[in-house]
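The structure under discussion appears below in the form of structure tokens.
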Amino acid sequence: MQYYDTGKYHVFFVLVLIAFLMFNILRARGGKSLFIRRIAGLTAIDEAVGRSTEMGRPVLMVPGLSGLGPVGIQAVRIFAYITKTAVKFSTPIRICLAEAALYSVAQEIIKDVYQAEGVPEKYDPTSVRFVSDRQFAFAAGVAGLIYRERVAAAFLMGDWFAESLILAESANAVGAIQVAASTVTTQTPFLIAACDYVLIGDEFYAASAYLSREPVLVGSLVGQDWAKIAIVALVIGLTAVSSVDRRVSPQLCLVDENGKHGQALKLRTIDGALVSEEKEEFTDPRYPDQQFVKTVYRPVEIRPLEDNRVKIAFTEQGKVVEKDGVFRNRNESETWSKTLFKPRTPDPLFPPREKVQEDTSDSTNGGTNS
Amino acid sequence: MNEQQGFFHFSFPNGSPYLLAWIIIGLILSCGFVAGLFFVPKHLRRPIVVTGTFVAGFYFVLKWLWPTAQNYSETEVPRGFVERVSFNIEYLLPFVSNFTQVLAALLLGLGISSLLRIHFTQLFKKHRDWFFSLTLILSMIAMVIFGIWDWSTRMGPGADDKIAEAPGFVNFAKDLLFDGLLINLDAVMFSIIAFFIFSAAYRAFRIRSMESTILLTVALIVMLSLMGAIVGLWDDQVNNLAKSTGSDPGGIVDNLRLTTIKAWIQDTLQIPSIRAMDLGLAVGGLAMSLRLWLSIEKGVSN
Amino acid sequence: MAVTLEHPTYEFWKLTIGAAATIGIYSVLYRETKFYRFFEHMFLGLAAGWSITALWTENLYQNWWLKLVGSQAEGTEKAQPGYWAWIMILPLGFLAYTIFSRKHNWLSRIPIGILIGLGSGQAILNWFKLYGPQIDNSIKTVVPTVNDSALVPSKLGADAARLAEIANNVYVSQAINNVIFLFTLLSVFSYFIFCTEFKNKFMKSTTVAGRLILMVGFGAIFGATVMTRFALLIDRMYFVWVEWFIEKVLQR
Amino acid sequence: MPEELEKKKSFGEKLQSVNRSILYLILFVVVSVPLVVTKFLNVQLRCKPEQYTKDTYVLLRNLGPNDTIIIDSGFTNSSRGENGGQLEALLRMCMRQKVKFVLFSSVDPQSPQIARDFIRKLNKERRAKGQDICRRWDDYVEMGFFSDSPTMLQTMGEDLSRAWANRKVKDQQGVSRDVFSSPPMKNVKKIEDFKAYVTIAASGIMPTIVPRVGAKVPVISMITGVMFPEQYNYYKSGQLKGLVNGLSGCVELETLMEKGIDAKGEVGGKQLPMQAEPFPGEQNFKRGMAYYLALHVALGVLILAVVIGNIGMFMTKRSSR
């Protein structure tokens, strides 16, 4: 479907990004040592764990509401590293989770850490606990735990939503050191306001690579940088192109009349000259006694070709003229480029298929029951 | 259902003995298969998990890469191989989604068991918080009983309306536990954030460093622009200014409006900064998904 | 009159309980009291209970049971056949519970692996759909297309054609804004490059600028969020003071 | 903290370190009082609608009795403060214009119940006013909760008939019948036939909705202020056709319902033909306006607190110099 939704080149672009990632992962696996710059927030981990060791209070780790997915697992990977440090000083840990599936993964990973450190007997299964899968019940439970056990360090990393500030402030109230990271950009400011160290945005994904120095992770981190650079290059390149060609070559663009929907489309070249225009008198049912005049710009046909090119037929002094041009979303008020991705008009390249007889379509297709 | 002759079918009408028979057969078969897994030699374990993960992810990746015919509908016959495959991909979609939900749902028990384990130990070891653990367990049991019971009374045509007219004890109980308590507790916990935001802002918003100063200033502007009364007063001043300078309202003076300033900050600075951050995260997420799908992420599938 | 869920007396007690819960939870603002602890645990219990209930009523019943056993014709609805193959998902799901066994816990990774696979597959599928438009939208014209006026002309009183013309041209001021936009985007990006420590002065300063501009974004978010939080508090207070105290207790 | 410590502190330091519980108490009071005040003498503050709110209003106001929209109400009581007012305003518009709607939730299983309660409340009002009420099945249908919204929306976007095949809704007698046979779905065969997809939620579900149905039906997002900056991106990139920003957005909507938008796009302007008519003679200012004063006071106090904190800091700096 992507071919019609976004055009071939977009799929290609994503494939390029994936290629960058895979290439670097393989490169790192192949023993190539790659550089990662220092990440400020992460140096605080040992400090925080050390402090809670002195105070003999537990270290709290919460992945927010993250479920069993990239973010949640990433968070647990970071926690695994922290746990490793905590095990060295035999500091008690608490990991509170909001999803059952992630809970099982976390339990496995943390258990493995204790195994790897050679103290499997020290592992307390209740230190990794499922609190609730209901956002605020979760918040209430963890906040209560923070107050009761007076945690000395709190690591809040993952998918944070509204509950972020509840935990951050509660932890602050019991005087815990806090290191936070949120993949939900809307929550980052609160973590910044309430926590001691905050990993901003992408640093969260960089963390586990930075801490564990595992070739795969480091490689993929470098790959991510390549991908970002690719995106930047794309933006710069296309900006240049659009700036230039928009300046020189007149292009077609469709304008939605005073922002309303389902109205006649206006067709004009980019230098402002109208391509096709009719004056039309109309009455508004709301004001039966009045006559209004509006200019209607009505292309006869709009047929999308591939990668955002469309062929447009319209009347010019009575006769039909065809033009095709590239459409790019030039200003935010325009929304047509989205509709152009998926053709509304039946595409001549695709003649209708023959129909099957009715109601033989069900069963014979294991459990699909659509 | 015109295909009832013959023993084997994927589907049978509701309540047919064949259905029951096949359900039992299916159960036995799958249990047998699972039992077989218990005796898998060590070196084959990882491959099994990895394959499972890969195949599961492969469906969507295929859906992404495989060209899909336009306006797919079940009542049409595919033309050629490419369309046949794409038709099947489309056709499988509801099944896959259902499968995902059910499988994920079956894991909830893991979480609940962890919760119960903790609180039952507290209860039986007469831990000082045993009373609260008791509260937790009791309210949980109550909610399950009344929740399911209430739901079962609402089955069948018109049941909802009957209950609306003359609810039974169970409906009251569920309403009290759910609407009276649970919903309210949610709301309270959500609203409590206001207090925390207040203290956090008071503590953090100091003109200490460049960063905090910027944070503070922008936050103030946005807050002011949310207070309609303030905006009104401000804009009046701007209008007067515009009149006195005789410039048209669309002109340069217009940029002094509070909402305009806020809009400018949002359009020109906030959007790109947050977007860049989001795109960074997006790439990170893509990488992570890729690693997970191909099971090269440590600790999860190996 | 039959006692319905809208019966005033019942509603009064329902609201009263709600108000009590409100005070109970708020008590944590003073300190973690037994009162709070009670409501917290009740909350956790109810939430867990509801999760289990919803698991059946909202999810399994619809998505699994009805598909497994099918349904009879009802009203204008024709009967649905049952697909017995759905039973096979049970053992698969219960594999996850082998996590508690020391010997066979690897089996729990099969269902979890499948879920992970599905999740990440979907993430890849929707990646561009989600972020493509955002990239697309970051492509702005940095060269003005008209030079007749530096500012965007007033839209007031302009007819549709004029509006379209204004909308489709890039004026000098807009071009400048677009340059700032682009710079912001790039500088923030540069802050999130990890595989190199920027040595040269320009890139260093860009990175710093990136971090500062991020703060602008965060500030804006903070400002916008404060409204929500206060709105919710206001709503709670409205519940306690107006809906409960004034309307129910004082009967005003 | 102990008394003597308290005494040792300079005034500046005191300003910097006001005790938490005192702050909390202050907030509690300044929020409670204005509410009661507004309750008894209804204060109406002015408000300047933003463009995205106008877009929303224009799109919704120009719908008619033959149009059907989707209302994806995904909020629970916990965000009633913002979403509640929004839903109330939306439902009022639908009822007054006789717009049919399909009600479901792709976010939270309880949301349908909440929405139901709102409809009941509004119907009570309309009965009292002697206006005809909004009936289940005739005017709206309830699809309940879609537990796996991503895939459900995906299928909806690709083929509605497949997505909602065998979906039953209750008619007035409470008999479950095929959704496609209901009056609101009379003119609806595919997702494009809906005039709008209005989602009201407290969570960031837009990433789920937009890529799946966004290209086919105008999506309007009524959202809490928290999600606003994120969602604003989608509005700017044209993926959202309208946006209502939290409580202030709700008040803006109420203001527009009171004043309308004229041909020039001016609120309360008189230039015909109106882009969107107001609702004259109706009571348009409701929940939003009831909270508005309290919001002003609370924000004011917050700003004050921040200022005081900073003053304190400067005083200590000076004295330490």
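The values are calculated or read from the model by the stated rules, or taken from the named source; none is laboratory data. Keep in mind the model is a prediction, meaning the values are calculated, not measured. Please note: Cβ atoms are built from the backbone with ideal geometry, for glycine as well, and neighbour counts cover all protein chains shown. We work out accessible area using only protein heavy atoms, side chains counted, and drop any ligands, DNA or RNA first. Shrake-Rupley method; radii C 1.70, N 1.55, O 1.52, S 1.80 Å.
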Only listed residue being open to solvent by 30 Å² or more (accessible area, probe 1.4 Å), within 7 Å of chain C (Cβ to nearest Cβ) and within 30 Å of C:GLU11 (Cβ to Cβ), chosen from B:LEU176, B:LEU185:
B:LEU176
Looking at region C:76-111, which of the residues that are facing chain B (nearest Cβ under 7 Å) and assigned to a loop (DSSP other than H, G, I, E, B) is nearest to B:SER114 (Cα to Cα)?
C:HIS104
Looking across region D:286-320 at residues that are open to solvent by 20 Å² or more (accessible area, probe 1.4 Å) and touching a Ser or Thr at 6+ places or on another chain (Cβ under 8 Å), the single one that is farthest from B:GLY228 (Cα to Cα) is D:SER319
Could you list, in sequence order, all residues of region A:173-183 that are within 9 Å of another protein chain (Cβ to nearest Cβ) and crowded, with 24+ Cβ neighbours inside 10 Å?
A:THR183
Qualifying position, being out of contact with any Asp or Glu (no Cβ under 7 Å at 6 or more places or on another chain), surrounded by fewer than 23 Cβ atoms within 10 Å (Cβ to Cβ) and not in a helix (DSSP H, G or I), among D:LYS216, D:LYS264:
D:LYS264
So which residues in region A:155-165 are crowded, with 24+ Cβ neighbours inside 10 Å and closer than 16 Å to A:ALA140 by Cα?
A:LEU156, A:TRP160, A:ALA162, A:GLU163, A:SER164, A:LEU165
Which is more than 8 Å from chain C (Cβ to nearest Cβ) and either surrounded by fewer than 21 Cβ atoms within 10 Å (Cβ to Cβ) or in contact with a Lys or Arg (Cβ under 8 Å, 6 or more places away or on another chain) (or both), of B:PHE146, B:PHE132?
B:PHE146
Output the helices (runs of 4 or more DSSP H) that fall wholly within region A:1-111 and possess 1 or more residues being touching a residue at least 24 places away in the same chain (Cβ under 8 Å) and outside the structural domain of A:SER182 (by TED's automatic domain parsing), or say none.
A:2-5, A:8-29
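Just for helices (runs of 4 or more DSSP H) wholly inside region D:3-88: which have at least 1 residues that are within 26 Å of B:LEU224 (Cα to Cα), within 14 Å of chain C (Cβ to nearest Cβ) and at pLDDT 85 or above? Give the steps one after another, and end with the answer.
Values: elements: D:3-8, D:11-16, D:20-40, D:51-61.
Where helices (runs of 4 or more DSSP H) fall fully within region D:3-88 and carry at least 1 residues being within 26 Å of B:LEU224 (Cα to Cα), within 14 Å of chain C (Cβ to nearest Cβ) and at pLDDT 85 or above, they are D:20-40, D:51-61.
Return the residue satisfying two criteria in turn: it lies in region B:268-286 and is farther than 26 Å from C:SER120 by Cα and hydrophobic (A, V, I, L, M, F, W, C), and of such residues it is farthest from the chain's Cα centre (by Cα).
Initially, region B:268-286 is screened for residues farther than 26 Å from C:SER120 by Cα, giving B:268-273.
Filter once more, so that each one left must be hydrophobic (A, V, I, L, M, F, W, C): B:269, B:271.
Values: B:LEU269: 30, B:ILE271: 25 Å.
My answer is B:LEU269.
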Has region A:79-94 got at least one residue that is touching a helix residue (DSSP H, G or I) at 6+ places or on another chain (Cβ under 6 Å), surrounded by 20 or more Cβ atoms within 10 Å (Cβ to Cβ) and more than 21 Å from A:ILE146 (Cα to Cα)?
no
Of the conditions (1) surrounded by fewer than 22 Cβ atoms within 10 Å (Cβ to Cβ); (2) at the interface with another protein chain (Cβ under 7 Å from one of its Cβ atoms); (3) within 30 Å of B:GLY32 (Cα to Cα), the single one that C:TYR30 does not satisfy is (3)
What is the residue count in region C:6-27 for residues that are of a type in the set (S, T, N, Q) and crowded, with 20+ Cβ neighbours inside 10 Å?
1
Return yes or no: is A:VAL16 farther than 15 Å from A:ALA209 by Cα, open to solvent by 30 Å² or more (accessible area, probe 1.4 Å) and of a type in the set (Val, Ile, Thr)?
yes
Looking only at residues in region A:112-139 that are free of Cβ contacts under 8 Å to residues at least 24 places away in the same chain and not charged (D, E, K, R), which one is most open to solvent (accessible area, probe 1.4 Å)?
A:GLN115
Across region B:149-160, which residue is nearest to the other protein chains (Cβ to nearest Cβ) among those that are within 30 Å of C:ASP235 (Cβ to Cβ) and of a type outside the set (A, V, I, L, M, F, W, C)?
B:ASP160
Note on B:LYS298: of the conditions (1) more than 7 Å from every other protein chain (Cβ to nearest Cβ); (2) part of a loop (DSSP other than H, G, I, E, B); (3) open to solvent by 10 Å² or more (accessible area, probe 1.4 Å), unmet is (1)
Cβ-Cβ under 8 Å, sequence separation 6+ or interchain: first residue in region D:103-120 and open to solvent by 10 Å² or more (accessible area, probe 1.4 Å), partner basic (Lys, Arg). Which pairs?
D:ILE114/D:ARG80
Restricting to region B:40-63, count the residues that are farther than 23 Å from B:LEU103 by Cα and either hydrophobic (A, V, I, L, M, F, W, C) or in contact with a helix residue (DSSP H, G or I) (Cβ under 7 Å, 6 or more places away or on another chain) (or both).
1
Restricted to region B:89-124, and to residues that are surrounded by fewer than 18 Cβ atoms within 10 Å (Cβ to Cβ) and polar (S, T, N, Q), which residue is farthest from C:LEU66 (Cα to Cα)?
B:THR121
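Do you know which residues across region B:25-56 are in a helix (DSSP H, G or I), more than 8 Å from chain C (Cβ to nearest Cβ) and over 19 Å from B:LYS298 (Cβ atoms)?
Within region B:25-56, the first condition is being in a helix (DSSP H, G or I), and the residues that meet it are B:25-37, B:42-56.
From what's left, more than 8 Å from chain C (Cβ to nearest Cβ): B:28, B:32, B:35-36, B:42-44, B:46-47, B:51.
The answer is B:ILE28, B:GLY32, B:ALA35, B:GLY36, B:LEU44.
Take B:ALA242 and tell me if it is open to solvent by 10 Å² or more (accessible area, probe 1.4 Å), assigned to a helix (DSSP H, G or I), more than 7 Å from every other protein chain (Cβ to nearest Cβ) and closer than 25 Å to C:GLY219 by Cα.
Values: open to solvent by 10 Å² or more (accessible area, probe 1.4 Å): yes; assigned to a helix (DSSP H, G or I): yes; more than 7 Å from every other protein chain (Cβ to nearest Cβ): yes; closer than 25 Å to C:GLY219 by Cα: no.
No; evaluated as a whole, the condition is false for this residue.
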Among the listed residues D:LEU256, D:LEU240, which satisfies the condition of being touching a helix residue (DSSP H, G or I) at 6+ places or on another chain (Cβ under 8 Å), at pLDDT 90 or above, within 14 Å of chain B (Cβ to nearest Cβ) and open to solvent by less than 10 Å² (accessible area, probe 1.4 Å)?
D:LEU256
